[in-house]
Structure formats: structure tokens, C-alpha cells
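Read-outs throughout are calculated quantities, based only on the coordinates presented, and are distinct from any laboratory measurement. Keep in mind that what you see is a predicted model, and the values were worked out from it rather than measured. Heads up, the Cβs are rebuilt from the backbone with ideal geometry, glycines too, and the neighbour counts pull from every protein chain shown.
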């Protein structure tokens with residue numbers, strides 16, 4: 001797929017997936033009593049409210065140019081974690097990836113309903129396919145247990161309190177650089193690609209796609 005097609009098809013899907021992800025964090029936090037995201041105007045599906053220069057613009061463009069799977073992240077929705085229990089923080093962290101998996105399921109369901117009833121998509125199949133793939137990639141990527149990704153909050157909620165503190169203290173400072181290194185060394189994708197392909201196959205069982 002050429003760069004222009006990626007920009008016009010994949011990138012809008014990525015922006016939508018990122019917006020769903022951040023909205024889920026904010027909405028879950030609000031359900032647990034923290035309305036910070038709403039007060040600051042971040043409880044929205046408008047991608048303009050969530051744009052991060054590096055994660056939403058630079059890295060996706062580099063991925064499209066280099067041929068890597070399209071990924072990225074948004075400016076995190078503000079959550080006041082000082083008023084939440086560790087379990088609540090874990091739930092808020094988990095809500096973003098789960099929202100992406102749910103969205104992938106919606107893309108898959110609508111796609112197969114349209115095909116089941118013979119609706120001619122005139123090439124729009126690719127939107128549904130990438131809707132599944134990008135949401136799955138985003139969901140799996142964010143479950144990696146390295147700060148500041150959501151998986152770190154999930155792991156901290158499982159670990160004993162003292163271990164969780166040490167984990168955050170050690171990895172919290174360098175987590176971002178570790179993630180960038182693992183991404184561009186190919187090591188992270190080597191681990192994640194079997195999981196991503198397994199999930200994509202579950203959502204698109206009759207489509208021979210390989211991420």
C-alpha cells in the first residue's frame with residue numbers, strides 16, 4: 001500500500017482508535033468518581049483533543065514510510081489517581097485496550113453483516129479490515145507492562161504494593177526510552193505479532209490477513 005493510501009485510509013482509522021482509547025479512560029475514571037477529563041474538555045471522541053506531536057503525528061508517519069505496522073498514542077487523558085484505589089487505577093488502565101478490542105469487534109460484526117446480505121462495498125472492505133487490525137494492534141501494544149503504557153497500571157494493580165512501588169520507581173523513569181528502543185529494534189514487534197495475528201484472525205476468520 002502506497003503512502004498516500006495509508007495516509008487517507010489507515011491514518012484516519014488510527015486517529016479514531018486512539019480517540020476511543022482515551023475516551024474510555026476518561027469515561028471509566030468518571031464512572032469511578034473522577035470528572036477531571038470532562039472538566040478539561042478531554043472526554044470526547046474528537047481526535048484534535050487528544051493529539052500528541054510524537055505519538056499521533058511523527059511516529060505514525062515514520063511507520064507509514066518505513067513499512068512498519070501503523071501504531072501510535074495520544075496525549076493521555078488526565079486522571080486524578082490520588083483519589084483512586086489501586087484496583088480502580090488498574091480498571092481505568094485496562095479500559096483503554098478493552099475499548100479497542102470492543103471497537104475491533106464492532107468493525108468485524110458490521111463487515112460480516114454487510115457481506116452476509118450482499119451489500120456492495122466498492123473497495124471499502126479495507127476500512128473495516130484496518131478498523132480491526134489497527135484497534136487490535138493498539139490494544140495489544142498498550143497492554144505491554146512498561147510505563148507509561150496501560151499494561152504497567154494493570155501490573156501494578158496485581159503486584160504487592162511494595163513491589164509495585166519499586167517497579168514504578170525503576171521503570172517509570174526510563175520506560176518511554178525502553179519502548180522506543182524495543183519498537184525500532186524490532187524486538188517488541190517480534191513478541192507482539194503472534195498475539196496480534198491470533199486476535200485479528202479471531203475477528204476476521206475468513207480474511208487471509210497477516211499483520
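Between residue 40 and residue 210, the FRET efficiency estimated from the beta carbon spacing at R0 = 41 angstrom works out to 0.55. Oblate is the label for the stretch 60-138, because the ratio a/c of its alpha-carbon gyration tensor axes (a ≥ b ≥ c) is 1.5 or higher and a/b is not greater than b/c.
To the nearest 0.05, what FRET efficiency results for residue 119 and residue 61 with a Förster distance of 30 Å applied to their C-beta separation?
For R0 = 30 Å, the calculated efficiency reads 0.35.
Helical content of the chain, expressed as a calculated mean residue ellipticity at 222 nm, amounts to -20000 deg cm²/dmol (DSSP H runs of 4 or more residues, -39,500 (n - 2.57) each, divided by residue number, nearest 500). If you take the square roots of the eigenvalues of the alpha-carbon gyration tensor of the stretch 132-180 and sort them as a ≥ b ≥ c, do you get rounded (a/c under 1.5), prolate (a/b over b/c) or oblate? Oblate. Calculated on C-alpha atoms, the gyration radius of the chain divided by its Kirkwood radius gives an Rg/Rh of 0.98.
Legend: calculated FRET efficiency, residue 109 to residue 197, from the Cβ-Cβ distance at R0 = 22 Å, rounded to 0.05, equals 0.65.
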